[in-house]
Amino acid sequence: MRKDVRILLVGEPKVGKTSLIMSLVSEEFPDEVPLRAEEITIPADVTPERVPTHIVDYSEAEQSDEQLYQEISKANVICIVYSVNNKKSIEKVTSHWIPLINDRTDKDSRVPLILVGNKSDLVEHSSMETILPIMNQFQDIETCVECSAKNLKNISELFYYAQKAVLHPTGPLYCPEEKELKSSCIKALTRIFKVSDLDNDGILNDNELNFFQRTCFNTPLAPQALEDVKNVVRRNMNDGVKDNGLTLKGFLFLHTLFIQRGRHETTWTVLRRFGYDDDLELTQEYLFPIIKIPPDCTTELNHNAYLFLQSVFDKHDKDRDCALSPEEVKDLFKVFPYMPWGPDVNNTVCTNDQGWITYQGYLSQWTLTTYLDVQRSLEYLGYLGYSIIYEQESQAAAITVTRNKRIDLQKKQTQRSVFRCNVLGARGSGKSGFLQAFLGRNLQRQRRIREDHKSFYAISTTYVYGQEKYLLLHEMMPDFDFLSEAELACDVVCLVYDVNNPRSFEYCAKVYKQYFIDSKTPCVVIAAKSDLHEVRQHYSLSPHEFCRKHKLHPPQPFTCNTTEALNKDIYTRLTTMAMYPHMAQADLKNSTFWLRASVGATVIAVLGFAMYRALLKQR
């Protein structure tokens, strides 16, 4: 909403422009009227809308045409004043003033006009019969007010309507010729309806209507008031109320009715509460609230954010199969101006046998977005209405900024839940297979992935000592001469080589020696395609000798070419190393250490799935 309002009064000489301003300020008719009143500013605490208002007078005798044009360009609303007892001043409204103003304002952002019939105390009849055809002819005219500067009739109302025309304009909302809401208004109100429809059943029940009412107007509706609202809709349309709840058609009808009855501020209050600006676009302040992220810190979703996202999943998982079908995904993102998830998402997170994103995969994708691009995550949460539903100041309340990683190392513990593993290796070494195996896909399933749907990320949960953590795998392009600091920033590194390719390990050795030999980042060497015959590597040291020399773990054999369930132990190891980089190599090699971590992971995974199934049944 605008921070101030500038009102310009124009019209023929002697119609009473200056008298109107002076009567407003002094609350009495002036004995002497100057040729032109000085610009006055009414403080915010005096105006009904709590916005500072500047009132500017125009005098043909004292100002040039150029000065008039400048004032027109600065005005937020223009009052064209005529005298109700002077037909010539009324004729000039259409023959001179409206064309002049239109010529001096941009076609796409026309300034609203108020027609002001002054000196109503001098006649017994109204000028509205003459004015109504003019109002119908020109869309920019918001309203007409008849008033009297002499007996103070409708003076404060005049300036209230002028202020209202700026703060709550009709133009973006409603087309008077068609007598219906404009498409951009329907689009915005439809999103608001879907966000407010908490159970996604296509109607707003009494609880949802009351929540909506409290959210927008800070007060609930009494039961009888709710019934009265629904009865108004019932009397005017057949499908506006269903199962005693308000349908989208009924919701849109109510807003059409508000506007037709001059209560634009009601619709604008709703729109602004849900983040919209005067052009019915979501504001930058709403979508991208300020959040400070110091160096070496990461961003994660907090507990409330996950609860909110779970509720969004629940309301769109219509068939209760713990996965989102393509139609359900499409329905979920109807409140977005575009589809945020492409086909690569299905190869980034866990899916079911049909390729649909599971509940775990859904939360994983949100976790990934928040970690990699927190501004994008804030934007998405804004479209879904997080700050409104959870009654927070902004989406920033959904984000946890983790502490500096150096402090984690010093304290030898971390509160982080998301850990990044960069996966490096020569072309064809098996990096993509390693990522997809983390999501439970063997080689046979991987071969069905289209090249243009491929993802360079994979994220899912692992369990370390009974704690659920997210492991984010990032496949790096095999061009180690150009790895930037940002590309190297991670919690653990995987160096992947193909046991069946004699030139594959050399790349891993060079990358390690160039970037990680003096780094505190833990490194693991993966001997991929271990189901194939292992050949001698064309490098001065064998992989085992290289690892022993540099005090790394021995190469970890890995294959995804199997019909059996894929072994996930290596991913638990990576997460553990990311969580405890300070631990001595001897501890990490200790077999009981890995056993405790892996057994804990298996037990928690089984319990976690059972608990979710139980919750689903309760739903």
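The values are calculated or read from the model by the stated rules, or taken from the named source; none is laboratory data. Fair warning: this is a prediction, and the values are worked out from it, not measured in the lab. Don't worry about glycine lacking a Cβ; one is built from the backbone with ideal geometry, like all the others, and counts go over all protein chains shown. Each accessible area value is taken on the protein alone, full model and side chains, heavy atoms only, with ligands, DNA and RNA left out. Shrake-Rupley method; radii C 1.70, N 1.55, O 1.52, S 1.80 Å.
Some notes on this structure:
- Among the residues making up segment 43-77, a single one is closer than 21 Å to GLU146 by Cβ and either open to solvent by 80 Å² or more (accessible area, probe 1.4 Å) or out of contact with any Asp or Glu (no Cβ under 9 Å at 6 or more places or on another chain) (or both): PRO48.
- Filter result for ASN76 (over 20 Å from ASN154 (Cβ atoms) and touching a helix residue (DSSP H, G or I) at 6+ places or on another chain (Cβ under 6 Å)): yes
- Any hit, segment 168-186, residues being in a helix (DSSP H, G or I), more than 19 Å from ILE78 (Cβ to Cβ), not assigned by the TED database to the domain that holds ILE72 and not hydroxyl-bearing (Ser, Thr, Tyr): yes
- Cβ pairs under 7 Å, 6+ apart, first in segment 337-359 and at negative phi, second outside any loop (DSSP other than H, G, I, E, B) and open to solvent by 40 Å² or more (accessible area, probe 1.4 Å): PRO343/HIS453; ASP344/HIS453; ASN347/HIS453; THR348/TYR457; CYS350/GLN360; ILE357/ASN346
- The requirement of being in contact with a Lys or Arg (Cβ under 7 Å, 6 or more places away or on another chain) and in a helix (DSSP H, G or I) is not satisfied by LYS249.
- Here LEU566 fulfils each of the conditions (1) buried (at least 17 other Cβ atoms within 10 Å of the Cβ); (2) modelled with pLDDT under 50; (3) over 26 Å from GLN415 (Cβ atoms) apart from (2).
- Within segment 218-237, residues that are assigned by the TED database to the domain that holds THR269 and free of Cβ contacts under 8 Å to residues at least 40 places away in the same chain have Cβ atoms under 7 Å from residues that are among the acidic types (Asp, Glu) and assigned to a helix (DSSP H, G or I) in these pairs: LEU226/ASP206, counting only partners at least 6 apart in sequence or on another chain.
Every residue, every condition in (1) surrounded by 14 or more Cβ atoms within 10 Å (Cβ to Cβ); (2) touching a strand residue (DSSP E or B) at 6+ places or on another chain (Cβ under 9 Å); (3) within 17 Å of ASP344 (Cα to Cα), yes or no:
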| position | (1), (2), (3) |
| --- | --- |
| ARG450 | no, no, yes |
| VAL464 | yes, no, no |
| MET476 | yes, yes, yes |
| ASN501 | yes, no, no |
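Quick grid of which residues meet (1) over 21 Å from PRO34 (Cα atoms); (2) modelled with pLDDT under 95:
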{"residue": "PRO48", "(1), (2)": "yes, yes"}
{"residue": "VAL56", "(1), (2)": "no, no"}
{"residue": "SER59", "(1), (2)": "no, yes"}
{"residue": "GLU62", "(1), (2)": "no, yes"}
{"residue": "ASP65", "(1), (2)": "no, yes"}
{"residue": "LYS74", "(1), (2)": "yes, yes"}
{"residue": "VAL81", "(1), (2)": "no, no"}
{"residue": "ASN85", "(1), (2)": "yes, yes"}
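- The set of residues in segment 128-168 that are open to solvent by less than 70 Å² (accessible area, probe 1.4 Å), of a type in the set (Val, Ile, Thr) and over 22 Å from ILE259 (Cβ atoms) contains only ILE155.
- Within segment 547-557, being open to solvent by less than 20 Å² (accessible area, probe 1.4 Å) and either of a type in the set (Phe, Trp, Tyr) or in a strand (DSSP E or B) (or both) holds for no residue.
- All helices (runs of 4 or more DSSP H) inside segment 268-373 with 2 or more residues being touching a His at 6+ places or on another chain (Cβ under 6 Å) and open to solvent by less than 70 Å² (accessible area, probe 1.4 Å): 326-332
- Considering segment 376-417, and only residues there that are assigned to a loop (DSSP other than H, G, I, E, B) and of a type in the set (S, T, N, Q), the residue that is farthest from the chain's Cα centre (by Cα) turns out to be GLN413.
- Of PHE516, PHE505, PHE482, all but one fail to be without any contact (Cβ under 8 Å) to a residue 60 or more places away in the chain and buried (at least 22 other Cβ atoms within 10 Å of the Cβ); the exception is PHE505.
- Positions within segment 173-185 being surrounded by fewer than 17 Cβ atoms within 10 Å (Cβ to Cβ) and within 25 Å of the chain's Cα centre (by Cα), in sequence order: LYS182, SER183, SER184
- Of all residues in segment 107-127, those that are open to solvent by less than 90 Å² (accessible area, probe 1.4 Å) and modelled with pLDDT under 85 total 2.
- One residue stands out among those in segment 404-458 that are in contact with a Ser or Thr (Cβ under 7 Å, 6 or more places away or on another chain) and aliphatic (A, V, I, L, M): the one that is nearest to LYS513 (Cα to Cα), which is ALA426.
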